[in-house]
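The values are calculated or read from the model by the stated rules, or taken from the named source; none is laboratory data. Not measured: the values here are computed from a predicted model. Note that each Cβ is placed from the backbone with ideal geometry, even for glycine, and that neighbours are counted across all protein chains shown. Ligands, DNA and RNA are excluded from the accessible area calculation, which covers all protein heavy atoms including side chains. Shrake-Rupley method; radii C 1.70, N 1.55, O 1.52, S 1.80 Å.
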Amino acid sequence: MKRWIQAIGSGQQGTTRDLTYEEALEAAHEMARGNSTDAQCAAFLMALCMKGEADEEMRAFIDVFHSYAQPYHPFADSLNCAGPTEGRQFFPVTLPVSLLLASVGFSQVLHGGDSLPSRQGTAMQEILESFGVAMDLSAKAWETMLFHLHIGFLHTDQLCPPLGKLKQVREQIGLRTVIDMIEKVMNPVQSMNMIIGVNQRKTMESLIPISMRSGVQSIYLVNGIEGSEDLPIYQNSTIRIVTPWGDESRVVEPQKFGFLSGPLQPMDKAEQLTSLRRIIGGENSEELKRERDHVIFNAGLRLTWFDKVGSYEEGFQLAESLLQRREAQKVMQKWVDQSHRFTLQDYPHNDSSSKIG
């Protein structure tokens with residue numbers, strides 16, 4: 001790895017240079033195979049970050065780590081969604097949205113890693129485990145659950161072990177690097193639709209050429225709440241829609257659809273869980289109006305974007321109706337029950353169970 005660190009800084013008069021695709025490919029393989037120390041990986045990632053990752057460098061790293069990902073059966077008609085790599089400090093809108101979409105048969109593939117200690121957020125796995133969802137499943141069991149429930153979550157360590165092994169390096173660096181982006185664009189079941197949250201417009205621009213070459217039918221790039229895929233309803237948002245044929249920019253204006261609630265407020269893990277249980281349980285109190293409106297708005301957008309309804313208004317109405325009928329809660333309870341049923345099949349001495357309250 002030392003030669004690639006030196007190569008980045010080998011420009012004339014102290015300037016840096018970009019690695020070619022082939023050079024970045026070799027560097028990524030060294031990192032993925034464990035042929036470099038944590039210190040070398042950290043130094044390389046920092047050098048790359050400070051220089052600014054070139055498109056070919058990003059493409060090479062994404063290609064390499066994709067090649068080390070565990071193989072899963074393709075579910076082309078699913079929506080791939082990765083949350084913020086630093087976890088959530090606000091209400092995690094995507095989880096109830098995904099449960100609502102799954103309840104109408106639109107398969108949702110969630111994935112992500114642990115929240116880094118330096119960022120103090122709540123990771124999706126922590127939330128799901130608190131609900132009682134069992135995570136230690138075989139690939140076959142996970143695929144079966146996705147087929148029947150239309151929802152599933154994969155932890156980065158399980159999805160791509162070499163990426164998971166870089167966790168300690170990422171903790172030491174404490175900054176976003178190309179590894180964070182790789183984690184977001186993983187497409188474990190070859191979904192034809194993706195929605196990716198980004199922290200900065202610059203990152204969005206960098207992802208456009210990569211997305212166009214991915215073979216995915218449509219990718220929505222969103223600079224949402226906390227750099228997530230969740231759009232706020234208290235301000236307009238600009239999104240980019242990328243297809244193999246090009247991309248377009250679109251402004252989303254919540255007020256045009258009557259959404260007038262204010263910004264979400266920070267929540268710790270316990271508060272997030274309590275609010276989630278109340279909202280997916282169908283509660284319609286004024287206290288939860290901001291969070292509930294965000295769920296209805298984002299669910300309606302996704303139902304419309306991916307052609308599950310004929311208009312935004314129809315999408316919002318369907319999302320509200322599904323919440324009232326507790327369809328999200330029903331999917332979550334089935335998720336908990338079936339995950340433990342599959343765990344018992346693999347590990348018969350494990351008899352734990354949980355109920356969604």
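Can you report the number of residues in segment 75-108 which are touching a Gly at 6+ places or on another chain (Cβ under 8 Å), among the polar types (S, T, N, Q) and within 17 Å of V185 (Cα to Cα)?
Total meeting the criteria: 3.
What are the residues in segment 225-244 that are without any contact (Cβ under 8 Å) to a residue 40 or more places away in the chain and surrounded by 23 or more Cβ atoms within 10 Å (Cβ to Cβ), if any?
Across segment 225-244, the qualifying residue is only V242.
Just one of the numbered conditions (1) at pLDDT 85 or above; (2) outside any helix (DSSP H, G or I); (3) open to solvent by 50 Å² or more (accessible area, probe 1.4 Å); (4) not acidic (D, E) is not true of S36; which one?
All conditions pass for S36, except number (3).
Mind checking whether some residue in segment 285-306 is out of contact with any strand residue (DSSP E or B) (no Cβ under 9 Å at 6 or more places or on another chain), in a loop (DSSP other than H, G, I, E, B) and not small (G, A, S)?
No, every residue in segment 285-306 fails to be out of contact with any strand residue (DSSP E or B) (no Cβ under 9 Å at 6 or more places or on another chain), in a loop (DSSP other than H, G, I, E, B) and not small (G, A, S).
In segment 15-42, which residue that is touching a residue at least 40 places away in the same chain (Cβ under 8 Å) and among the aliphatic types (A, V, I, L, M) is nearest to M204 (Cα to Cα)?
Our first condition is that a residue be touching a residue at least 40 places away in the same chain (Cβ under 8 Å); within segment 15-42, this holds for 19, 31-34, 38, 41-42.
Subset that is among the aliphatic types (A, V, I, L, M): 19, 31-32, 42.
Numbers: L19: 21, M31: 25, A32: 25, A42: 24 Å.
Checking each candidate, the answer is L19.
Six or more apart or on different chains, Cβ atoms under 7 Å: show the pairs whose first residue is in segment 248-262 and among the charged types (D, E, K, R) and whose second is open to solvent by less than 60 Å² (accessible area, probe 1.4 Å).
E248/I241; R250/I239; R250/I241
Being open to solvent by 30 Å² or more (accessible area, probe 1.4 Å) and part of a helix (DSSP H, G or I) is the filter here; which residues of segment 126-161 pass it?
E126, E129, S130, A139, K140, E143, T144, F147, H148, D157, Q158, P161
Give the residues of segment 276-326 that are open to solvent by less than 10 Å² (accessible area, probe 1.4 Å) and among the polar types (S, T, N, Q), sorted by residue number.
N298
Under the condition of being open to solvent by less than 20 Å² (accessible area, probe 1.4 Å) and β-branched (V, I, T), which residue from segment 162-187 is farthest from the chain's Cα centre (by Cα)?
V169
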